[in-house]
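Throughout, read-outs are computed from the coordinates displayed, never taken from laboratory work. Predicted, not measured: the structure shown is a model, and the values here were computed from it. Virtual Cβ from ideal backbone geometry, glycine too; neighbours counted across all protein chains shown.
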């Protein structure tokens, strides 16, 4: 454990860092809420990616169980709220019209990671009830395995940014929140000497830094009128081969509806 030489250092590392980490964690957990609320009111097919919202529940469940194992209230409070929010997200997602492939993938992720959490809880609180280190390691390792599923998502985004040389797919505000949250929890984990807190958050911080650098290296490309004209031309040539065409504003139109008037209104 890293020791502070004065009271101010102790307050910053043992109270301020985790407190700010809790605040930024809730900012991250609440980020899907707007999209989830829109999905709740929607009657058509679900078009959002449900995996990140499901992972909020799975990750927070594992971290809540870990906080029970190590008796740490700072780690408990953000993840307790994350479990509640995650359950709400999951309920709304499964009340929507999911494509069969998306439903299968979502269910596999949800059941698989929930089962891992339950296995970790059984190991920590039943099998290793009288062995603190074994209980801590079993629940901590499972928590890191689940976090690997969360960190897999940004890798896809990074590849897309590098491939297209366009950072439009990166949510800048969310990246900043992830960076700040990771720094606070990494610092706290280092000072209490808990590998299962500082390591995953250090990895998350590194991931956020890479995304931030990609955002600076590959600026967002704005859509121009030329792009709209090209989209219109492409639609007219291929309207017999495609059921729908999506314009640059993300609005799905029937090919016959993509007229000059529509283009001028979009611009």
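For the pair region 11-46 / region 110-160, the C-alpha centres are spaced 21 Å from each other. The residue 73 and residue 218 beta-carbon pair, evaluated with R₀ = 51 Å, returns a calculated FRET efficiency of approximately 0.80. Packing order of peptides 27-40, 78-91, highest average first: 78-91, 27-40 (average count of other Cβ atoms within 10 Å over each peptide's residues). In terms of its alpha-carbon gyration tensor, region 7-217 comes out oblate; a/c meets the 1.5 threshold, while b/c is at least as large as a/b.
Only counting other Cβ atoms within 10 Å, I'd like 141, 197 sorted with the fewest neighbours first.
Going from sparsest to densest Cβ surroundings: 141, 197.
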